[in-house]
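Shown next, in structure tokens, is the structure this report addresses.
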Amino acid sequence: MAKRPCYRPLERHVGYRTVESPEFTWHPGFAFSQKQKNVVALHDAIHGIDPSAKVLEISSKSLQPLGVSLSAFNLKFPHGGVECSVESVFQASKVFDGGVGPFLELYSHDSREVRHHVQEASAGRRLLAFELDGVRWDLEPKTAFFYHLYIKALLANSKLAEELREFDAFTDIEFNPNRQINCQAAAAAFYVSLCRTGRLEEAMSSREAFLRML
């Protein structure tokens, strides 16, 4: 048995609420089919307490093409004249002690390749910040840089963003809050809340404005 968070965007205030699902049957294993069974079981558990919830799984394991496209590994935006995934830019923007990073040459590379390269290059070093286009992002609030990147990518993909706004609950079956910090489902919920409260343009006007929203 397992539980996983579901993220619900707020409509009167900027933000989202995290709702832990009821326990559901976990299907162990690394097979793609097993992970999709877990998505179905998680969504069934959510619908058990809120039958009207419009739930979208955002990951490469989603049963909906929209959810797959919105995975941070697949969602891309233009940077430096090329298309870059959210995950690649997030990893390549890391700055470590000893003058390691950011890894400017890796922005447009495959997401998994970038993650592996950064892990090797930073072994034993402490993460200090993120830096993109000369703008430095501190490690607090912990999710700020990832959320900003994710929403930046949504603004570059208007059709996906429009479809995303039709949902009011978001999950990521791969995300475990006990071991991880950044969650694409939570970033999506934050984006939807910014849209519904009319604060999106203000939030994306500057780093300082975005941090105030968080």
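Odds and ends about this structure:
Yes/no per residue for (1) under 26 Å from LYS142 (Cα atoms); (2) at pLDDT 95 or above; (3) surrounded by fewer than 17 Cβ atoms within 10 Å (Cβ to Cβ); (4) touching a Phe, Trp or Tyr at 6+ places or on another chain (Cβ under 7 Å):
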{"position": "LYS35", "(1), (2), (3), (4)": "no, no, no, no"}
{"position": "ILE49", "(1), (2), (3), (4)": "no, no, yes, no"}
{"position": "LEU56", "(1), (2), (3), (4)": "yes, yes, no, yes"}
{"position": "SER59", "(1), (2), (3), (4)": "yes, yes, no, no"}
{"position": "ALA72", "(1), (2), (3), (4)": "yes, yes, no, yes"}
{"position": "CYS84", "(1), (2), (3), (4)": "yes, yes, no, yes"}
{"position": "GLY99", "(1), (2), (3), (4)": "yes, no, yes, no"}
{"position": "GLU105", "(1), (2), (3), (4)": "yes, no, yes, no"}
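- Applying a threshold of 8 Å to beta carbon distances and a minimum spacing of six or more residues, or different chains, the list of pairs starting in segment 155-178 at a residue that is over 22 Å from THR18 (Cα atoms) and ending at one that is basic (Lys, Arg) and not in a loop (DSSP other than H, G, I, E, B) reads ALA156/LYS76; ASN157/LYS76.
- Residue within segment 100-111 that is among the acidic types (Asp, Glu), under 27 Å from LEU214 (Cα atoms) and either in a loop (DSSP other than H, G, I, E, B) or in contact with a Lys or Arg (Cβ under 8 Å, 6 or more places away or on another chain) (or both) present: no
- Any hit, segment 6-17, residues being over 27 Å from TYR147 (Cβ atoms), surrounded by 12 or more Cβ atoms within 10 Å (Cβ to Cβ) and at pLDDT 90 or above: no
- Lone qualifier among LYS152, LYS159, LYS142 - being charged (D, E, K, R) and part of a loop (DSSP other than H, G, I, E, B): LYS142
- Among the residues of segment 164-214, just one is of a type in the set (Phe, Trp, Tyr), more than 15 Å from the chain's Cα centre (by Cα) and closer than 22 Å to SER69 by Cα, namely PHE167.
- Hits in segment 173-194 - residues which are surrounded by fewer than 20 Cβ atoms within 10 Å (Cβ to Cβ) and either of a type in the set (Asp, Glu) or not in a loop (DSSP other than H, G, I, E, B) (or both): GLU174
- Filter pass, VAL135 being farther than 17 Å from ALA188 by Cα, among the aliphatic types (A, V, I, L, M) and touching a Phe, Trp or Tyr at 6+ places or on another chain (Cβ under 8 Å): no
- Of all residues in segment 140-156, those satisfying the criterion of being under 16 Å from LEU214 (Cβ atoms) and touching a Phe, Trp or Tyr at 6+ places or on another chain (Cβ under 8 Å) are ALA144, PHE145, PHE146, TYR147, HIS148, LEU149, TYR150, ILE151, LYS152.
- Residue in segment 133-141 that is within 26 Å of GLU20 (Cα to Cα), crowded, with 22+ Cβ neighbours inside 10 Å and at pLDDT 95 or above present: no
The values are calculated or read from the model by the stated rules, or taken from the named source; none is laboratory data. Because the structure is a prediction, the values reported are computed rather than measured. Ideal geometry is used to build each Cβ from the backbone, glycine not excepted, and the neighbour counts take in all protein chains shown.
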